[in-house]
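Notes for the one structure printed next.
No lab work stands behind these numbers, since they all come straight from the coordinates. Since the structure is predicted, the reported quantities are computational estimates derived from the model, not experimental observations. A quick note on method: Cβ atoms are made from the backbone with ideal geometry, for glycine too, and the neighbour counts reach across all protein chains shown.
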Amino acid sequence: MEAPEDPRRRRVGLLYDERMCRHATPDGESHPENPERIRAIWLKLESEGIPQRCVVLRAKEAEDKYIALVHTQSHIKLIRNISSKEFDSQRLRIASKFNSIYFNKGSSEAAYLAAGSVVEVSEKVAKGDLDSAIAIVRPPGHHAESDEAMGFCLFNNVAIAANFLLNERPELGIRKILIVDWDVHHGNGTQNMFYKDPRVLFFSIHRFDFGSFYPAGDGGSYCMVGEGAGAGYNINVPWEHGQCGDADYLAVWDHVLLPVAESYNPDIILISAGFDAAVRDPLGGCCITPYGYSLMLKKLMGFAQGKIVMTLEGGYNLNSIANSVLACAKVLLEEKPLVGSIEVQPFESTWRVIQEVRHELKTFWPALAVELPQNVLASNGRPCPVEDAHGWLWFKFAGEQMYK
Ligand code: Q9C
Ligand code: ZN
């Protein structure tokens with residue numbers, strides 16, 4: 001006989017589906033956003049016995065009427081048809097018209113599955129059938145604009161799910177959604193879709209490098225606070241440079257995100273969980289450890305009665321993303337205590353950015369109006385360990401030459 005289920009045990013949804021691996025470059029050229037990403041994550045979770053402790057779900061295609069809540073008909077039609085035979089000869093040319101996009105015969109199905117999966121798990125968490133969930137999906141979504149594929153993203157998976165909960169399932173009582181986008185890139189698509197909407201508080205923390213980091217331009221600036229009824233409900237934390245890690249992210253959690261989350265009191269939290277700010281990511285140049293991600297997640301579990309949906313966005317080092325997702329899964333399963341330590345101090349630039357963001361948003365969020373204590377500001381910039389091509393460890397200050 002099976003042991004009775006522990007009623008205190010947290011029900012964590014885990015969604016993975018091999019069909020999302022069929023979206024790949026058309027001629028087998030290598031690409032950072034490739035099928036091995038989600039396979040590596042799934043294999044790691046399996047090797048650690050995580051699926052047995054979760055509610056495992058298969059992907060389900062999104063319905064056009066839900067995608068249409070955030071995307072235009074012409075965009076939906078393009079993504080629906082791009083993999084059909086009639087498009088065989090045109091696919092390359094069409095992809096080349098977009099910024100950082102490829103298509104193949106598996107792209108349409110994968111895009112519909114990724115969006116549908118996030119809708120599915122979000123509905124289950126909103127209902128209370130699940131406490132929380134992780135959707136291991138691709139292609140990613142947060143760069144996709146309402147009428148445009150962009151930055152490896154076809155449909156904006158998280159935005160579709162947020163709109164679905166607000167507009168299609170009002171009986172579930174989800175009135176306020178906090179989206180936390182910790183992918184290393186700015187979530188331009190999601191920002192634009194909810195810019196005037198106070199029902200969605202969009203928070204993005206990303207490399208900005210004064211507007212030169214992808215997707216580049218002013219969109220990711222802290223000045224972008226939302227508009228009309230949505231003023232104050234868009235928060236950007238733009239890093240000035242790479243090398244940001246656990247200490248920097250957690251300082252922003254403590255001094256920006258958590259005070260705002262406390263005041264906003266969201267009904268559910270959707271995380272645009274890219275892992276390209278992880279240590280050793282080839283695109284991000286930041287250094288969050290699995291322990292850092294687990295703390296960032298743990299600190300969010302105090303809100304929205306722990307209703308959290310994590311959706312994969314970017315993340316391009318297979319080991320880093322697998323270990324990071326594993327650490328997050330353990331947090332959602334409430335395997336405790338967390339073990340680890342943060343050895344370094346935030347950069348000086350981190351305190352500067354935190355103060356700029358707090359200043360920009362304090363009229364909307366009184367919790368941000370108090371001056372930061374002088375002792376937190378006194379800490380100095382610190383070096384960050386980086387590995388070179390030969391596996392040598394060097395230490396580097398942001399914006400400086402490497403030295404041993
Ligand atoms: N000079 C995500 O992480 N880089 N997308 C293009 C062109 C594109 C990242 C560089 C990076 C897209 C979901
Ligand atoms: Zn990214």
Query raised in the report: Dipole of the chain (Lys/Arg Cβ +1, Asp/Glu Cβ -1, origin at the Cα centre): which of Ile235, Ala369, Ala126 lies farthest to the positive side?
Result: Ala126
Query raised in the report: From a point 7 Å beyond the Cα of Lys362 in the direction of its Cβ, which residues of region 250-272 have a backbone N at a distance under 20 Å?
Result: 251-264
Query - Candidates Glu371, Glu348, Glu334: whichever shows maximal mean-square fluctuation once the chain is modelled as a Gaussian network with Cα springs under 10 Å - result: Glu371
Report summary line: For Phe210 and Glu334, extending 7 Å from Cα along the Cα-Cβ vector and measuring point to point gives, in nm, a value of 4.8
Report summary line: Rounded to 0.05, the calculated FRET efficiency for the beta carbons of Arg175 and His390 at R₀ = 60 Å is 0.65
Query raised in the report: Taking the Cα centre of the chain as the origin, how large is its charge dipole in debye, to the nearest 20, when only Lys and Arg (+1) and Asp and Glu (-1) carry charge on their Cβ atoms?
Result: 540
Query - Flagged links, alpha-carbon separation over 25 Å, of Lys299/Lys336; Lys65/Lys196; Lys44/Lys77; Lys44/Lys85; Lys44/Lys336; Lys60/Lys298 - result: Lys44/Lys77; Lys44/Lys85; Lys60/Lys298
Query raised in the report: Given the Cα-Cα distance of Glu63 and Lys298 and 0.36 nm per residue of separation, how much length would full extension add, in nm?
Result: 81.3 nm
Report summary line: Answer in debye to the nearest 20: the dipole magnitude of region 32-156 about its Cα centre, from +1 Lys/Arg and -1 Asp/Glu charges placed on Cβ, is 280
Report summary line: Quick note on Phe155, Phe194, Phe210, ordering by fewest other C-beta atoms within 10 Å, gives Phe210, Phe194, Phe155
Report task. Using only alpha carbon pairs under 8 Å that are at least six residues apart, calculate the relative contact order of the chain and give it in whole percent. Result -> 16
**Report entry** Beta bridges per DSSP with both ends in the chain, % antiparallel, nearest 5
**Finding:** 15
Requested in this report: Would you order Trp351, Trp239 from fewest to most other beta-carbon atoms within 10 Å of each residue's own beta-carbon?
Outcome: Trp351, Trp239
**Report entry** Estimated dipole of region 114-266 in Debye, rounded to 20 [Cβ of Lys and Arg +1, of Asp and Glu -1, Cα centre]
**Finding:** 320
Requested in this report: Rank the residues Leu295, Leu113 as a footprinting-exposure proxy: fewest other Cβ atoms within 10 Å of their Cβ go first.
Outcome: Leu295, Leu113
Query raised in the report: Can you run phi through the Karplus equation (6.51, -1.76, 1.60; θ = phi - 60°) for region 155-171 and list ³J(HN,Hα) in whole Hz, with x for Gly and Pro?
Result: 10, 7, 3, 5, 5, 4, 5, 4, 5, 4, 4, 6, 9, 9, 10, x, 5
Requested in this report: Along Cα→Cβ, 7 Å out, is where each label goes; now give me the distance between the ones at Cys223 and Asp88 in nm to one decimal.
Outcome: 5.1
Query raised in the report: Amide H of Leu14: which non-local residues (sequence gap of 5 or more, or other chain) have their own amide H closer than 5 Å, using H built in the peptide plane?
Result: Val55, Val56, Leu57, Ile134
